[in-house]
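Quick notes on the structure that follows.
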Ligand SMILES: Nc1ncnc2c1ncn2[C@@H]1O[C@H](COP(=O)(O)OP(=O)(O)O)[C@@H](O)[C@H]1O
Ligand SMILES: [Mg+2]
């Protein structure tokens, strides 16, 4: 299996003026001080897929602040299925900083063209509070995982949200909402909402199957349960929405549908809600889900796993087990850390760069 990404370049990308990483491996390590620009490299990679990347940043915040130019990220992708390698890139122009440009082999392409090339998974310190966070944060998390498997998922979610907002507006602002208009809005919610819930349910199912293959230790194996906020079938969802108009009007919001979906996570060995587990156990469960996700749909598109500051939170036993999994898999992995020492066990197999103030120097 050739590595997924080769020859990565960042241009005016946050604190990187012009950084080029050649000779990437299956395992890649970036180390350097706080603020050196390690996470920025992972963010750049995350923008080689649809969506807003691992910081969910506004495009206009990304160009290097003193440059006055747009930003660029580009990479050579080795395809899994024997097709010729392809050069993909994304970025912005100074004149229109909010517009995302995409090119494939040098030709301007629509933004969704990026969905075709890579399947990305990532784990960052910002996700550490996921189990303590709101149900909405876990829905966004699920949707991001789904996006790596189905590039059309984000569009369904956006269309559902638009229709939901319009229905809530009609029900709370209008004395006599036009029933035909309500019917049309609910039909759209049922169409997109059903697709959304089914994709989420199938994803949780597939993750559950992958997680069942894991031992309980050393990563605290989680069990995932998906609670749908409304009927999964399109016609039933439409009926449920129609039947709840009066009630929703009183509540001034829609009480049925996938915007009420819940992802419940428990630690398998204790059946303990994840939110009540220790910080270390929560991290271990997140790693287990991330690894399971990285293995889903492997083979269709090259897979990339971004692990930001993961080793620092693990004891040596769990760290070694993580490295063992990463070595055994086919996924290309990008890891960061402030120090090199925790990676000693994997270091001689990883392409390594020292990052200093927005510059990368090959360290092995
Ligand atoms: N648009 C930008 N222009 C210039 N510098 C930026 C921009 N956005 C973020 N930075 C800087 O990038 C630096 C490195 O960030 P980061 O990659 O998160 O560091 P770390 O190596 O700790 O992961 C930070 O000091 C931040 O101020
Ligand atoms: Mg960082």
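Any read-out appearing in this document is the output of simple, stated calculations on the displayed coordinates, not a laboratory observation. Here the structure is a predicted model, which is why all the values come from computation and not from measurement. Reconstructed Cβ throughout: ideal geometry from the backbone, glycine too, with neighbour counts over all protein chains shown.
Could you order peptides 15-27, 183-195 by the average number of other Cβ atoms within 10 Å of their residues, highest first? List each step's numbers first, then the result.
Values: 15-27: 17.2, 183-195: 21.3.
Final packing ranking: 183-195, 15-27.
For the stretch 111-135 and the stretch 143-216, what is the centre-to-centre distance using only Cα atoms, to the nearest Å?
Here the two parts' Cα centres lie 18 Å apart.
Taking the Cα atoms only, what angle lies between the long axis of helix 153-173 and the longest principal axis of the chain, rounded to 10 degrees?
40 degrees
Between residue 166 and residue 96, take the C-beta separation as r, use R0 = 35 Å, and let me know the FRET efficiency to the nearest 0.05.
Working: r = 28 Å, r/R0 = 0.81.
E between residue 166 and residue 96, to the nearest 0.05, is 0.80.
Tell me the angle of helix 279-295 to the major Cα principal axis of the chain, expressed in degrees between 0 and 90 and rounded to the nearest ten.
Relative to the chain, helix 279-295 is tipped by roughly 90 degrees.
Between 0 and 90 degrees, rounded to the nearest ten: what's the tilt of helix 135-149 against the longest Cα principal axis of the chain?
With rounding to tens, the tilt is 60 degrees.
Express in whole angstrom the spacing between the alpha-carbon centres of the stretch 226-304 and the stretch 1-64.
The two parts, judged by their Cα centres, are 30 Å apart.
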